[in-house]
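A short write-up of the structure that comes next.
The values are calculated or read from the model by the stated rules, or taken from the named source; none is laboratory data. These figures come from a predicted structure and were not determined experimentally. Glycine gets a Cβ as well: all are built from the backbone with ideal geometry, and neighbour counts include every protein chain shown.
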Amino acid sequence: MKDYSLDKKLNALEKMLKIQKKTHNDDETFMLIPEKLVAYFIGSKGRAIKKLMHDSNTDIIVSPENKNCNYRGVKITGIF
């Protein structure tokens, strides 16, 4: 697996949020991310997700792991 820098990971996540913004005008949206990318999304000690929430002025909740599913739900709340 490739080693991506935190900035590249956050850039990719911000692009995902922009795509969601184009399709949702609400203050809340829901998306699925592959289980294997959850660690990148959250980051070491939660740094990546905290930075993303701070930079986008949103709250982000990642659903708990489900052994029967290869994806995790992500709830994003706020105006982004």
Practice problem: Tell me which residues, restricted to the stretch 28-68, are farther than 18 Å from residue 78 by Cα and touching a residue at least 40 places away in the same chain (Cβ under 8 Å). | Solution: 33, 47
Practice problem: Only residues that are under 16 Å from residue 37 (Cα atoms) and at pLDDT below 90: list them for the stretch 70-80, please. | Solution: none
Exercise. Report, by residue number, each residue of the stretch 30-66 that is surrounded by fewer than 14 Cβ atoms within 10 Å (Cβ to Cβ) and in contact with a helix residue (DSSP H, G or I) (Cβ under 8 Å, 6 or more places away or on another chain).
Key: 47, 55, 59, 65
Quiz item: Can you name every residue in the stretch 35-55 that is of a type in the set (Gly, Ala, Ser) and part of a helix (DSSP H, G or I)?
Solution: 39, 44, 46, 48
